[in-house]
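S.K.: My structure is below; once you've seen it, I'll send some questions.
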Amino acid sequence: MKRRDIVQKLGFSALFACMAANIVFLGGIVFFIAARGLGSINWAFLTQAPRDSMTAGGVAPVIAGTFYLTLGAIIFALPLGVASAIYLTEYSPRGWIVNLLRISINNLAGVPSVVFGLFGLTVFVKYMGFGVSILSGSLTLGILALPVIISASQEALTAVPQSIREASLALGATQWETIRRVVLPAALPGILTGVILSVGRVAGETAPILFTAAAFYVKGYPHSIFSEVMALPYHIYALMTEGTHPEEQTRIAYASSLLLLALVLSVSMLAIYIRARQRKTYNA
Amino acid sequence: MLNQDPGSKAAGGNFPPAPVKAPVGINMNSMGEADLFGTEPKISARGVNFYYGQKRALNGITIDFSPRRVTAIIGPSGCGKSTFIRLLNRMNELVPGSRLEGEILLDGLDILSPACDAAELRKRVGMVFQKPNPFPKTVFENIAYGLEVNGVTDKHLIEERVVDSLKKAALWDEIKDRLKDSALGLSGGQQQRLCIARCLAVSPEVILFDEPCASLDPISTAKIEELILTLKKEYTIVIVTHNMQQAARVSDNTAFFLMGDLIEVGRTDKIFKAPRDKRTEDYITGRFG
């Protein structure tokens with residue numbers, strides 16, 4: 001074998017090893033959580049409220065809390081994010097101001113989430129008077145999700161070939177009709193990717209809801225957007241750091257973690273499925 | 001009549017207008033009274049300069065396009081022929097930093113004036129692009145789209161126009177069973193004819209072809225050329241092409257562009273057999289370009 005063939009073999013092996021390491025880590029997490037959590041998951045766990053100072057019972061209201069918070073965040077961030085992305089890619093004049101805006105948005109994605117939490121506490125909870133509530137938490141999580149949604153949408157919009165924009169304009173469509181009827185549908189799969197990523201992030205975030213929405217224990221289900229809620233990530237944190245029965249609580253924490261993981265994965269799966277179907281229609 | 005400006009660099013001279021045959025199957029709403037005799041130009045450009053930023057791409061272009069004639073614009077890459085054709089439906093105003101001087105008249109009305117709505121103009125002056133660019137939608141939706149954005153809501157009328165357009169574009173027989181399929185599944189040549197059908201659906205008066213066969217195989221090219229010859233009975237056609245044989249085959253008049261100048265314009269047979277300008281002759285005989 002020639003030297004360069006050996007070098008090539010070594011290169012490929014190194015790349016494969018890195019990829020394999022990844023799978024080991026990812027698989028490890030799933031396996032570890034599942035091994036400790038799976039035993040505690042049953043129908044009662046999914047449908048009942050916590051009992052006996054959170055050492056027994058289920059997590060149904062906690063799941064509901066996470067669901068409301070995530071839904072609220074997406075309802076708030078999706079239209080805002082997509083609209084901003086459309087403005088930035090389709091309408092805004094090219095220039096340094098827009099570039100600065102774009103860079104700022106990307107940087108926003110790197111801001112630690114606890115900072116968003118503090119912002120939410122100051123603005124939504126206190127200044128706007130929403131209190132510690134689903135509303136405050138959703139808005140805070142929404143702001144956290146915005147940069148992800150905006151940059152994914154921008155990317156998706158930029159990827160739509162200029163030639164079909166021209167085709168639409170050349171038929172006498174206005175720019176708005178072109179965006180609404182040609183560009184947006186073509187960019188939708190990419191935008192959905194952004195939403196997938198942000199749903200995953202939003203559902204799993206603890207710090208932003210720490211001061212704005214989450215409670216250690218709330219009796220029953222949330223009944224309005226101004227209710228305090230329990231949410232899965234914070235519930236796990238609370239179970240592991242507070243309370244008087246560490247063994248029982250740890251068991252429930254692992255089950256909750258597994259649940260959170262499954263929840264995020266299934267949301268992603270759903271979105272990936274929608275995206276794949278979209279692609280099929282568009283690239284027959 | 002083409003290019004009557006004796007002061008311009010174009011040494012086209014005074015060509016008699018091509019003889020007008022009795023108009024067959026004319027789209028009545030697309031023509032004024034004067035067009036019947038082919039004397040009034042459908043489109044005229046007067047002293048058009050165009051700049052991309054600081055770079056000047058067109059120098060004082062003055063040219064007329066007769067109704068129901070095919071005018072070919074030929075010239076080497078970068079001569080400004082595509083730039084020019086994209087001015088006729090104001091497509092180039094989308095280019096940031098571009099600037100246009102001069103006058104472009106459609107039926108005598110200035111298309112550059114603020115009173116002229118670009119979307120309305122583009123409805124009358126359709127365009128077929130270099131690469132087939134169907135929407136990522138079904139065949140039917142591709143054609144219905146132009147009608148819908150122009151306010152046609154009657155489902156039956158839309159259906160009728162879709163079928164009509166496909167027939168006119170010589171595509172109906174091939175894809176009548178595939179109207180609900182994605183347009184992206186068609187072959188390149190079919191896609192380009194679909195783009196032509198899409199353009200025809202909104203009943204334009206002028207069709208601009210910007211190198212429509214550049215990415216097509218010879219058989220598809222032949223079909224498109226045949227189609228252009230049929231379409232000229234009803235439409236004013238301007239076609240930009242790299243391919244001189246194509247210009248000779250499909251056009252009545254030919255304009256030769258070189259480095260942003262219109263060098264010569266006239267009847268196609270004259271341009272190809274007896275060009276007046278040395279540069280036209282050099283290009284046509286393949287000495288450069």
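The values are calculated or read from the model by the stated rules, or taken from the named source; none is laboratory data. It should be emphasised that the depicted structure is a prediction, and the values quoted were computed from it without experimental measurement. All Cβ positions, even for glycine, are placed from backbone atoms using ideal geometry, and neighbour counts span all protein chains on display.
S.K.: Determine which single condition A:LEU210 fails, assuming it passes every other condition in (1) at pLDDT 85 or above; (2) more than 16 Å from A:GLY65 (Cβ to Cβ); (3) out of contact with any strand residue (DSSP E or B) (no Cβ under 8 Å at 6 or more places or on another chain).
M.R.: So the condition that A:LEU210 fails would be (2).
S.K.: Could you please tell me which pairs satisfy a Cβ distance under 9 Å, a separation of 6+ or placement on different chains, a first residue in segment A:85-102 that is more than 14 Å from every other protein chain (Cβ to nearest Cβ), and a second residue that is at pLDDT below 85 and not in a helix (DSSP H, G or I)?
M.R.: Cβ pairs passing all conditions: A:LEU101/A:SER92.
S.K.: Just one of B:ILE175, B:ILE196, B:ILE207 is in contact with a Phe, Trp or Tyr (Cβ under 8 Å, 6 or more places away or on another chain) and more than 10 Å from chain A (Cβ to nearest Cβ); which is it?
M.R.: On the way: B:ILE175 fails: in contact with a Phe, Trp or Tyr (Cβ under 8 Å, 6 or more places away or on another chain); B:ILE196 fails: in contact with a Phe, Trp or Tyr (Cβ under 8 Å, 6 or more places away or on another chain).
Among B:ILE175, B:ILE196, B:ILE207, only B:ILE207 is in contact with a Phe, Trp or Tyr (Cβ under 8 Å, 6 or more places away or on another chain) and more than 10 Å from chain A (Cβ to nearest Cβ).
S.K.: Something else: Among the residues of segment A:26-83, write down those that are among the hydroxyl-bearing types (Ser, Thr, Tyr) and in contact with a Lys or Arg (Cβ under 6 Å, 6 or more places away or on another chain). Before the answer, list the steps.
M.R.: In the first step, residues of segment A:26-83 are kept if they are among the hydroxyl-bearing types (Ser, Thr, Tyr); the result is A:40, A:47, A:53, A:55, A:66, A:68, A:70.
If the condition is that a residue be among the hydroxyl-bearing types (Ser, Thr, Tyr) and in contact with a Lys or Arg (Cβ under 6 Å, 6 or more places away or on another chain), then A:SER40 is the only one that fits.
S.K.: Looking at B:ASP154, B:ASP217, which one is closer than 18 Å to B:ILE228 by Cα, more than 9 Å from chain A (Cβ to nearest Cβ) and surrounded by fewer than 18 Cβ atoms within 10 Å (Cβ to Cβ)? Break it down stepwise before answering.
M.R.: Values: B:ASP154 fails: closer than 18 Å to B:ILE228 by Cα.
Exactly one residue qualifies, and that residue is B:ASP217.
S.K.: Report, by residue number, each residue of segment A:133-190 that is free of Cβ contacts under 8 Å to residues at least 24 places away in the same chain and polar (S, T, N, Q).
M.R.: A:GLN162, A:SER163, A:SER168, A:THR174, A:THR178
S.K.: With under 30 Å from A:ARG51 (Cα atoms), more than 14 Å from chain B (Cβ to nearest Cβ) and crowded, with 18+ Cβ neighbours inside 10 Å as the only criterion, which of A:VAL229, A:VAL195, A:VAL148 stands out?
M.R.: Details: A:VAL195 fails: under 30 Å from A:ARG51 (Cα atoms); A:VAL148 fails: under 30 Å from A:ARG51 (Cα atoms).
Of the residues listed, the single one that is under 30 Å from A:ARG51 (Cα atoms), more than 14 Å from chain B (Cβ to nearest Cβ) and crowded, with 18+ Cβ neighbours inside 10 Å is A:VAL229.
S.K.: Continuing with the same structure: Quick one: is B:LEU112 more than 9 Å from chain A (Cβ to nearest Cβ) and either at pLDDT 95 or above or under 30 Å from B:GLY60 (Cα atoms) (or both)?
M.R.: Working: more than 9 Å from chain A (Cβ to nearest Cβ): yes; either at pLDDT 95 or above or under 30 Å from B:GLY60 (Cα atoms) (or both): yes.
In short, yes.
S.K.: Where in segment A:95-165 are there helices (runs of 4 or more DSSP H), lying fully within it, with 3 or more residues that are at pLDDT 90 or above? Working first, answer last.
M.R.: Values: elements: A:96-108, A:113-120, A:134-159.
In segment A:95-165, A:113-120, A:134-159 are the helices (runs of 4 or more DSSP H) which contain 3 or more residues that are at pLDDT 90 or above.
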